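Here's the structure, in structure tokens; my notes come after.
The values are calculated or read from the model by the stated rules, or taken from the named source; none is laboratory data. Being a predicted model, the structure only gives us computed values, none of them experimental. In this analysis, Cβ positions are derived from the backbone assuming ideal geometry, glycine residues included, and neighbour counts consider all displayed protein chains. The accessibility values were calculated without ligands, DNA or RNA, using every heavy atom of the protein model including side chains. Shrake-Rupley method; radii C 1.70, N 1.55, O 1.52, S 1.80 Å.
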Amino acid sequence: RKLEEAGCRVIYGLNGYKVHSKLCLISRKTDKGVSYITQIGTGNYNEKTSALYTDLSLITGNQEIGKEAAEVFAALLRGETVEETHLLLVAPKCLQNKVLDMIEEIQHVKNGEEGDTGIKINSLTDKVIISKLVEASQAGVKIEMIVRGICCVKPQVEGATENITVISVVGRYLEHSRIYRFGVGDDEKIYIASADFMTRNTVRRVEVATPVYDAH
């Protein structure tokens, strides 16, 4: 009510989908058009959990990321989900399938090249992604995972998951960030995200993962 009284437009999400993304977009009109500053994070805007959880946040002036973030907000205003993206991974329609495609890409180890991926999440229960990870392991892809909670993959099973390792980090702070890494060297792709690899995140929520381009 205070936000609305101050002139803000408050949207209460979509029918059938929880909006779980952590996204802030600052739009500015300039002589050259609209300019964007985008913040995409892995954690909530919550003063209590910010002192207890470890999370990651990207603030970027990349205009292409800003345009796609603007489309996420526009879709929410229309009561719709994003149908297609080029840079961001946006659930429920443009995250799971793109993760599967990137895992598929690094299976070029079949041609004698190096394949590698790293995943840090809270939970792993999405059967479609699990099947693709097992397939990648069988192709020789090295998969290193940090899974804080439930994990429905048994690593080091000969003929299936011998190239998969899984650990859980327990420390003073709750490990809450999600990181996806695919490939090595110049072909490496890194994302930070709000989504775990659970179907409730990958296909039944609005989630956003952003690529991280700057090594610093």
Condition check for Gly159: more than 30 Å from Lys67 (Cβ to Cβ) and out of contact with any Cys (no Cβ under 7 Å at 6 or more places or on another chain): yes
Which listed residue, of Ile130, Ile119, Ile143, is open to solvent by less than 40 Å² (accessible area, probe 1.4 Å) and closer than 30 Å to Ala70 by Cβ: Ile119
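Look through segment 167-199, keep the residues that are polar (S, T, N, Q) and open to solvent by less than 20 Å² (accessible area, probe 1.4 Å), and return whichever of them is farthest from the chain's Cα centre (by Cα).
Initial filter on segment 167-199 (polar (S, T, N, Q)): 168, 177, 194, 199.
If we keep only those that are open to solvent by less than 20 Å² (accessible area, probe 1.4 Å) as well, we get 177, 194.
On the way: Ser177: 10, Ser194: 5 Å.
Among them, the one singled out is Ser177.
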Residues satisfying the stated conditions in segment 6-34, i.e. closer than 17 Å to Val82 by Cβ and either open to solvent by less than 50 Å² (accessible area, probe 1.4 Å) or of a type in the set (Asp, Glu) (or both): Gly13, Leu14, His20, Ser21, Lys22, Leu23, Leu25
Complete set of residues in segment 35-54 that are in contact (Cβ under 8 Å) with a residue 24 or more places away in the chain and open to solvent by 60 Å² or more (accessible area, probe 1.4 Å): Ile37, Leu52, Tyr53
Residue that is modelled with the lowest pLDDT [pool: residues in segment 1-44 that are part of a loop (DSSP other than H, G, I, E, B) and under 18 Å from Ile65 (Cα atoms)]: Lys32
Residue count for segment 62-112, restricted to those that are in contact (Cβ under 8 Å) with a residue 24 or more places away in the chain, within 12 Å of Tyr36 (Cβ to Cβ) and open to solvent by 20 Å² or more (accessible area, probe 1.4 Å): 5
Residues of segment 42-80 satisfying the condition of being farther than 15 Å from Ala209 by Cα and under 18 Å from the mean Cα position of the chain (by Cα): Tyr45, Tyr53, Thr54
Those residues of segment 103-142 which are modelled with pLDDT under 90, in a helix (DSSP H, G or I) and charged (D, E, K, R), in sequence order: Glu105, Lys110
